[in-house]
Amino acid sequence: FLPKIESLEIKKNLAGKSLKQADIYLRSLGSVGGYELNFQRTFFFFKNNLPHLPENIVIETSSLK
């Protein structure tokens with residue numbers, strides 16, 4: 001069983017955050033046991049921040065093994 005997560009709300013809360021801020025936010029969610037960030041960037045100077053538009057953030061869920 002996977003817990004129900006509000007992907008749209010999480011995307012909005014992550015948009016534009018630094019990696020440290022994203023880590024703090026994701027760890028505060030009780031239903032998240034872990035996470036992995038993967039980037040596909042074209043601008044190297046934004047490497048320490050997540051995209052500013054929620055629609056540019058993809059959330060995938062899986063169960064822990």
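Listed by chain and number, the aspartates and glutamates placed with their C-alpha closer than 18 angstrom to that of Lys4 are Glu60; residues fewer than eight positions away on the same chain are left out. The packing ranking of peptides 6-18, 48-60, highest mean first, is 6-18, 48-60, where packing means the average number of other beta carbon atoms within 10 angstrom of each residue.
Read-outs: derived from the displayed coordinates by stated rules, not from any lab. This is a predicted model, so every value here is computed, not measured. Note that each Cβ is placed from the backbone with ideal geometry, even for glycine, and that neighbours are counted across all protein chains shown.
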